[in-house]
Amino acid sequence: MVAEVALRRTRTSAAVVEYLQKAIFAGTLRYGDRVDVERIGATLGVSPTPVREALVLLERDGLIATRVHRVAFVQHFDARTLRADFHVLGLLGGVTAARVAKDRDPEVLARLQGLLRALAESGATGTRLLDLAAEIVLVQHRAGATPRLLAELRGAGGFLAWAVHQSDRRAPEEIIEAQRRVIDAIAAGDSQGAAQARLLDTRAAAEEVIRELVRRGVLREDGTNAAAG
């Protein structure tokens, strides 16, 4: 019974996280805005507890800052900080890609190559395309990360991975080729090449997110936050 309650609450807090991510990404909640726990709870029909749990997760992602008396505000971000965060994510992902390339586990390689074929042959677009690309990255992470590194990747990639799903408008061929470069390097045992390819793909995704935020008016054309100054 306790486990069921905890699971329901986790699902509820995840829904609050997504609600707040969408609001920040759309510019409904802007840098410096106070995040009203009671108002959000009333809007979503949930108690304050999952809202506060969601704020803890979003503070870890750098989207929310909690100040005195647990008052939460939307944290500052701009193109520069987003590029830095994605760069870190790409470096961490590069470590796992390098480890997978070094190990060259036949089962892992077969799984990655199978996903790449599915990605290339399915004719998928939009969300389905991004889901398959994300699955390739997830397999790579699980195969190449230590438990601590996997936890770091989950922590670093929460909002960033979500934002890529909302933003990535690269042509399917470009997304497929980016994943192919990583997997080909892994198959060749080229640790450095695999790490570099993963970093480049992550940085390209960052530019897609920034472009989308500019399009939505959350960031200015020069990359600064529209709510700052």
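The values are calculated or read from the model by the stated rules, or taken from the named source; none is laboratory data. Note that the coordinates shown come from a computational prediction; the quantities given were computed from them, not determined experimentally. Note that each Cβ is placed from the backbone with ideal geometry, even for glycine, and that neighbours are counted across all protein chains shown. Surface accessibility is based on the protein's heavy atoms, side chains included, excluding ligands, DNA and RNA. Shrake-Rupley method; radii C 1.70, N 1.55, O 1.52, S 1.80 Å.
Close Cβ contacts (under 9 Å, 6 or more residues apart or on different chains) running from residues in segment 130-146 that are touching a residue at least 12 places away in the same chain (Cβ under 8 Å) to residues that are assigned to a helix (DSSP H, G or I) and among the acidic types (Asp, Glu) comprise Ala133/Asp201; Val137/Asp201; Ala143/Asp103; Ala143/Glu107; Gly144/Asp103; Ala145/Glu152. For segment 60-104, filtered to residues that are outside any helix (DSSP H, G or I) and free of Cβ contacts under 8 Å to residues at least 12 places away in the same chain, the residue that is nearest to Ala161 (Cα to Cα) is Ala65. Considering segment 105-127, the residues that are outside any helix (DSSP H, G or I) and modelled with pLDDT under 95 include one that is surrounded by the fewest Cβ atoms within 10 Å (Cβ to Cβ), namely Gly123. Here Arg39 fulfils each of the conditions (1) without any contact (Cβ under 8 Å) to a residue 40 or more places away in the chain; (2) basic (Lys, Arg); (3) touching a helix residue (DSSP H, G or I) at 6+ places or on another chain (Cβ under 9 Å) apart from (3).
Quick check, is Phe25 within 15 Å of Ala163 (Cα to Cα), in a loop (DSSP other than H, G, I, E, B), open to solvent by less than 80 Å² (accessible area, probe 1.4 Å) and modelled with pLDDT of 90 or more? Criteria not met by Phe25. Select from segment 48-85 the residues that are modelled with pLDDT under 90 and of a type in the set (Lys, Arg) and write down the one among them that is nearest to Arg203 (Cα to Cα). Filtering segment 48-85 for residues that are modelled with pLDDT under 90 and of a type in the set (Lys, Arg), the one nearest to Arg203 (Cα to Cα) comes out as Arg60.
Here segment 76-94 is the region considered, the condition is being open to solvent by 70 Å² or more (accessible area, probe 1.4 Å) and hydrophobic (A, V, I, L, M, F, W, C), and the residue that is nearest to Asp222 (Cα to Cα) is Val88.
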